[in-house]
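The structure appears below as structure tokens.
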Ligand code: FES
Ligand code: FES
């Protein structure tokens, strides 16, 4: 069955005519061309498809598009403001926490949500928060350092 689904993404409203059994990930990438959200496993394991739903990280490959109606969706495209990268994006660059970049949108959004909820996140809390996001390249150390550089316990925010 197809119907119009209204989505609020990065503070803008989109109306999408879609089958109701499609995932949010499919609609983001295929219909709205918001391809910053990556598809890795497609089955909820890798975290590369992470977006924020009402500020919380979710796997968009596991979410029906209809389940995202009426919620605030944030994708990696929504982090930069007025042409300036968010501090967490800058931190990933500064700390060389990006190699191939495939995991980065999900990793950055997960770190962003953690710091909003817990601005003094410790290394242990950061490692726990990103434990569902798989990175094949970096060995995680630089990713943890990047997120930690913004935690107030490190005096940066
Ligand atoms: S693509 Fe969604 S968790 Fe891997
Ligand atoms: S930077 Fe390549 S998978 Fe993380």
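Every number here is computed from the coordinates shown, using simple stated rules; none is lab data. The model shown is predicted, which means the values in this text are computed figures rather than measured ones. Counting neighbours? That spans all protein chains shown, and the Cβs are built from the backbone with ideal geometry, glycine included.
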Q) How far, in nm, would the chain grow between residue 11 and residue 72 when pulled straight, counting 0.36 nm per residue and subtracting the alpha carbon separation? A) 21.2 nm
Q: Please give the contour-minus-distance gain from residue 82 to residue 20: 0.36 nm per residue of separation, less the Cα-Cα distance, rounded to one decimal in nm.
A: 18.9 nm
Q | Proxy reagent accessibility, fewest Cβ within 10 Å first, across 128, 92 | A | 128, 92
Q) Among 24, 63, 114, whose mean-square fluctuation peaks in a Gaussian network model of the chain (Cα, cutoff 10 Å)? A) 63
(Q) Per 0.36 nm of contour for each residue apart, how much would the distance between residue 152 and residue 90 grow if the chain were fully extended, relative to their Cα-Cα spacing? (A) 20.7 nm
Q. Once both labels are modelled 7 Å past Cα along the beta-carbon direction, what's the residue 54-residue 1 spacing in nm?
A. 2.3
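Can you work out the FRET efficiency for the pair residue 62 and residue 31, with r the C-beta to C-beta distance and R0 = 22 Å, to the nearest 0.05?
Details: r = 18 Å, r/R0 = 0.82.
My answer for the efficiency is 0.75.
What FRET efficiency comes out for the pair residue 45/residue 124, r = Cβ-Cβ distance, R0 = 22 Å, nearest 0.05?
Given R0 = 22 Å and the Cβ-Cβ separation, E is 0.45.
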Q: Find, to one decimal place in angstroms, the Kirkwood hydrodynamic radius of region 2-77, where the mean of 1/r is taken over every pair of different Cα atoms and then inverted.
A: 12.0
Q | Gyration tensor (alpha-carbon) shape descriptor, region 84-136, a/c threshold 1.5 | A | oblate
Q | Rounded Å value of the spacing that divides the Cα centres of region 21-66 and region 85-144 | A | 18
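When a footprinting reagent is the concern and you count Cβ atoms within 10 Å, what order do 33, 96 take, fewest first? Let's see the in-between values first.
Details: 33 9, 96 12.
In order of increasing Cβ crowding within 10 Å: 33, 96.
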Q: Arrange 60, 131 by Cβ neighbour counts within 10 Å, fewest through most, would you?
A: 131, 60
Q) In the Gaussian network model of the chain, springs joining C-alpha atoms below 10 Å, which of 38, 81, 116 carries the largest mean-square fluctuation? A) 81
Q. In Å, the Kirkwood hydrodynamic radius of region 50-157 over pairs of distinct alpha carbons?
A. 14.1
Q) Relative contact order (percent) for the chain, with alpha-carbon contacts under 8 angstrom and 6 or more residues of separation? A) 22
